[in-house]
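Asker: Got a structure for you, written out below as structure tokens; questions coming shortly.
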Protein chains: 2
Amino acid sequence: MQEYVRDLHRSGKIIGLVPTMGFLHDGHLSLVDIMRSRCDVLVMSIYVNPTQFGENEDLSRYPRDLKRDCSLAYDHGVDTIFHPDSGDLYPENYKTYVTVEDLSSKLCGASRPGHFRGVTTIVSKLFNIIRPDRAIFGQKDAQQALILQRMVRDLHFPVEILVGPITREDDGLAMSSRNTYLSGSERTQATALHRGLTRAKKMVESGETDSNIIIEEIRSVLQEQPDLRVDYAAVVNLENLEPLSRIEGPVLIAIAAFVGTTRLIDNIIIHADETNIIKIQDS
Amino acid sequence: MQEYVRDLHRSGKIIGLVPTMGFLHDGHLSLVDIMRSRCDVLVMSIYVNPTQFGENEDLSRYPRDLKRDCSLAYDHGVDTIFHPDSGDLYPENYKTYVTVEDLSSKLCGASRPGHFRGVTTIVSKLFNIIRPDRAIFGQKDAQQALILQRMVRDLHFPVEILVGPITREDDGLAMSSRNTYLSGSERTQATALHRGLTRAKKMVESGETDSNIIIEEIRSVLQEQPDLRVDYAAVVNLENLEPLSRIEGPVLIAIAAFVGTTRLIDNIIIHADETNIIKIQDS
């Protein structure tokens, strides 16, 4: 792979990367579609990265279907799939980690210690191997995208990070490979995450600026579901992820909740500029 | 710099890097000489990296002479000098660190907490900015070279790490920019580090394999000096830096000592192969 990309760089090609853990859905493919027109050679990595899973998390049962993934990826214009072995990416006695302090311990980082260290480490490896000119991540993992943008800035990776919008099912559920874990009833209850965010959006549009009132409303929507347990519902500054008591500046409203045993996340981004005109990104 | 190296890569040039903190001496220049024939474009970085200095260390008084450094470097065939501002390398609110666990907490890492995290972080930045095909470090900082080799392997940096031999003054003192801190008497006493290692080498050549006996002998040589305080004298496995009770395999004998208030280091590498034939590298 490193020889291949060296030759690509020598011939002046722009390399685009869509990093994934496979089991592709329309969310991944929307990122492929966005990147396709923004590079000469489009690489997708498919790798279920062990270091971003906690000890009691779903590494072993994370869904995999490489054959289907390859077929979908090539159909959408991917040029090259990078599907390494764990032993290649994590050689014996590996000891090196990349960490983004502070940002990595908030929100999902508080519930999943070590998760973002695993993400920043694997993405550093992928960047060093594939040397993309740009890479795209989904807004569903908004904290991940923010941390990676910070990592790229701080370590001077010559990579442009793009963030693609959330892709949703018809009933609003954010697409995720983990949705396949849900039973029929859980699948129905899971739509509450999007309903909570939609409610929050309407409140902000109606002029509500008190974060606590918005969070309470989201929680009440979520708690109507019998098998749903809120991990967090938060209104934070989009740049440093610090809690905001009032809606101002770039704001991330983020939810994590267990539906049954499946942990789902969703979010909405609101930009309030100096004139207090509020722009809402995604839903 | 990133645009410049991108164009170099596009034209198929091999980039060699000699990272330094400036105040060049013949040790640095020997690394330049080694690298000159091993690359098309030879880059030297000159940057006194704040994150590898502890709070009570010598960051502010570390010697600097950029004009002389540039002149020496260009005379020895360096093509490009990279001399960034701190603000460029460490943007406001930087939070990202690269760490090599275990190796970074041993030997010098025990005395200088955070030092190697600073080294691995700045070298990652330099690698991302300059994108060298190979980079060279001096054996005087043997632990640093080992940690960087591990970092490159673990994170898959497409960079070959070379290690150049120790350059010494006529009386054996390993060259270091910090030698300029020494008073006349301290300068004389500082030669004990090399004498201790030379004594160790002779003992090994005479068949001594007990590390404790060797360490005691080194300590007795060092302790003859009134203003010298031993930080550590250690016999360790060259790959994992674990203490060795017997001389076998690739062995690093390393010393750190304060001469007055100046901390100096020196080392010797011994390769004992399966037939117990011992090869000694450098002195």
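Asker: Search segment B:10-20 for residues being of a type outside the set (S, T, N, Q) and crowded, with 19+ Cβ neighbours inside 10 Å, and hand back the single one that is farthest from B:SER177 (Cα to Cα).
Answerer: B:ILE15
Asker: Which residue is nearest to the chain's Cα centre (by Cα), if the candidates are limited to segment B:127-166 and must be more than 23 Å from B:ALA234 (Cβ to Cβ) and among the acidic types (Asp, Glu)?
Answerer: This residue is B:GLU160.
Asker: Only one of (1) over 20 Å from A:GLU57 (Cβ atoms); (2) touching a His at 6+ places or on another chain (Cβ under 7 Å) fails for A:CYS108. Which number is that?
Answerer: (1)
Asker: If A:LEU89 satisfies every condition in (1) within 30 Å of B:SER11 (Cα to Cα); (2) within 12 Å of another protein chain (Cβ to nearest Cβ); (3) free of Cβ contacts under 8 Å to residues at least 12 places away in the same chain but one, which is the exception?
Answerer: Every listed condition holds for A:LEU89 apart from (3).
Asker: Which of the residues belonging to segment A:85-135 are crowded, with 24+ Cβ neighbours inside 10 Å and of a type in the set (Phe, Trp, Tyr)?
Answerer: Within segment A:85-135, A:PHE116, A:PHE127 meet the criteria.
Asker: Kindly list the number of the only condition in (1) part of a helix (DSSP H, G or I); (2) within 14 Å of chain A (Cβ to nearest Cβ); (3) in contact with a strand residue (DSSP E or B) (Cβ under 7 Å, 6 or more places away or on another chain) that fails for B:ASP7.
Answerer: Going through (1) part of a helix (DSSP H, G or I); (2) within 14 Å of chain A (Cβ to nearest Cβ); (3) in contact with a strand residue (DSSP E or B) (Cβ under 7 Å, 6 or more places away or on another chain) one by one, B:ASP7 breaks only (3).
Yes/no matrix, rows are residues, columns are (1) exposed (fewer than 14 other Cβ atoms within 10 Å of the Cβ); (2) assigned to a strand (DSSP E or B):
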site	(1), (2)
B:GLY22	no, no
B:LEU29	no, no
B:VAL43	no, yes
B:VAL48	no, no
B:THR51	no, no
B:ASN56	yes, no
B:LEU59	no, no
B:CYS70	no, no
B:ALA73	no, no
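Asker: For segment B:237-263, name all the residues that are closer than 21 Å to B:VAL100 by Cβ and touching a helix residue (DSSP H, G or I) at 6+ places or on another chain (Cβ under 9 Å).
Answerer: Passing the criteria: B:LEU238, B:GLU239, B:ASN240, B:LEU241, B:PRO243, B:LEU244, B:VAL251, B:LEU252, B:ALA254, B:ALA256.
Asker: Could you please find all residues in segment A:1-35 being within 19 Å of the chain's Cα centre (by Cα) and over 25 Å from A:LEU173 (Cα atoms)? Break it down into steps so the answer makes sense when it comes.
Answerer: Applying the first criterion (within 19 Å of the chain's Cα centre (by Cα)) to segment A:1-35 yields A:16-35.
Passing the criteria: A:GLY16, A:LEU17.
Asker: Looking at this structure, is B:ARG6 touching a Leu at 6+ places or on another chain (Cβ under 9 Å) and assigned by TED's automatic domain parsing to the domain that holds B:GLY109?
Answerer: no
Asker: Output the number of residues of segment B:172-195 satisfying the condition of being over 14 Å from B:VAL259 (Cα atoms) and among the small types (Gly, Ala, Ser).
Answerer: Count: 2.
Asker: Since B:ALA190 meets every condition but one in (1) away from every other protein chain (no Cβ under 14 Å); (2) without any contact (Cβ under 8 Å) to a residue 60 or more places away in the chain, which condition does it not meet?
Answerer: (2)
Asker: Hey, any hits in segment B:164-173 for a residue that's within 29 Å of A:GLY118 (Cβ to Cβ) and modelled with pLDDT of 95 or more?
Answerer: Taking every residue of segment B:164-173 in turn, none turns out to be within 29 Å of A:GLY118 (Cβ to Cβ) and modelled with pLDDT of 95 or more.
Asker: For residues in segment A:95-152 being at the interface with chain B (Cβ under 7 Å from one of its Cβ atoms) and among the acidic types (Asp, Glu), which is farthest from A:ASN267 (Cα to Cα)? I'd like the intermediate steps shown before the answer.
Answerer: Here is the first cut: in segment A:95-152, the ones at the interface with chain B (Cβ under 7 Å from one of its Cβ atoms) are A:95-103, A:124-125, A:128-129, A:150-151.
Next, from what is left, pick out any that are among the acidic types (Asp, Glu): A:101-102.
Numbers: A:GLU101: 22, A:ASP102: 20 Å.
Per the stated criteria, the residue is A:GLU101.
Asker: For segment A:44-60, give me the residue count where each residue is within 20 Å of A:SER124 (Cα to Cα) and touching a residue at least 60 places away in the same chain (Cβ under 8 Å).
Answerer: Counting residues in segment A:44-60 that are within 20 Å of A:SER124 (Cα to Cα) and touching a residue at least 60 places away in the same chain (Cβ under 8 Å) gives 8.
Asker: I'd like the full set of residues that are within 14 Å of another protein chain (Cβ to nearest Cβ) and touching a residue at least 12 places away in the same chain (Cβ under 8 Å), limited to segment A:153-187.
Answerer: The answer is A:ASP154, A:LEU155, A:PHE157, A:PRO158, A:VAL159, A:GLU160, A:ILE161.
Asker: Among the numbered conditions (1) more than 23 Å from the chain's Cα centre (by Cα); (2) under 22 Å from B:ARG263 (Cβ atoms), tell me where B:GLU208 comes up short.
Answerer: (2)
Asker: Continuing with this model, one more query. Could you grab the pairs with beta carbons closer than 6 Å, sequence gap of 6+ or different chains, first residue in segment B:238-249 and more than 16 Å from B:ASN267 (Cβ to Cβ) and at pLDDT 95 or above, second one polar (S, T, N, Q) and not in a loop (DSSP other than H, G, I, E, B)?
Answerer: Here the result reads B:SER245/B:SER211, each pair linking segment B:238-249 to a residue that is polar (S, T, N, Q) and not in a loop (DSSP other than H, G, I, E, B).
Asker: Can you confirm whether segment B:214-233 contains a residue that is more than 16 Å from B:LYS140 (Cα to Cα), without any contact (Cβ under 8 Å) to a residue 24 or more places away in the chain and basic (Lys, Arg)?
Answerer: yes
Asker: Would you say B:PRO165 is touching a helix residue (DSSP H, G or I) at 6+ places or on another chain (Cβ under 8 Å), within 30 Å of B:ARG38 (Cα to Cα) and surrounded by fewer than 18 Cβ atoms within 10 Å (Cβ to Cβ)?
Answerer: Yes, satisfied.
Asker: In the list B:PRO63, B:PRO84, which residue meets the criterion of being within 13 Å of chain A (Cβ to nearest Cβ), assigned to a loop (DSSP other than H, G, I, E, B) and touching a residue at least 12 places away in the same chain (Cβ under 8 Å)?
Answerer: Matching residue, one of B:PRO63, B:PRO84: B:PRO84.
Asker: Now, a different point. If B:ASP65 meets every condition in (1) at pLDDT below 95; (2) out of contact with any Ser or Thr (no Cβ under 9 Å at 6 or more places or on another chain) apart from one, which number is that one?
Answerer: Tallying (1) at pLDDT below 95; (2) out of contact with any Ser or Thr (no Cβ under 9 Å at 6 or more places or on another chain), B:ASP65 fails exactly one: (1).
Asker: Examine segment B:18-38 for a residue that is within 14 Å of chain A (Cβ to nearest Cβ) and more than 18 Å from B:GLN139 (Cβ to Cβ), and state whether such a residue exists.
Answerer: The answer is no, given that none of the residues of segment B:18-38 is within 14 Å of chain A (Cβ to nearest Cβ) and more than 18 Å from B:GLN139 (Cβ to Cβ).
Asker: If I filter segment B:33-43 for residues that are under 23 Å from A:THR120 (Cβ atoms) and touching a residue at least 12 places away in the same chain (Cβ under 8 Å), do I get at least one hit?
Answerer: Looking only at segment B:33-43, we keep the residues that are under 23 Å from A:THR120 (Cβ atoms), and these are none.
The answer is no, given that none of the residues of segment B:33-43 is under 23 Å from A:THR120 (Cβ atoms) and touching a residue at least 12 places away in the same chain (Cβ under 8 Å).
The values are calculated or read from the model by the stated rules, or taken from the named source; none is laboratory data. Given the structure is predicted, the values throughout are model-derived calculations rather than measurements. Note: ideal-geometry Cβ built from the backbone for every residue, glycine included; neighbour counts use all protein chains shown.
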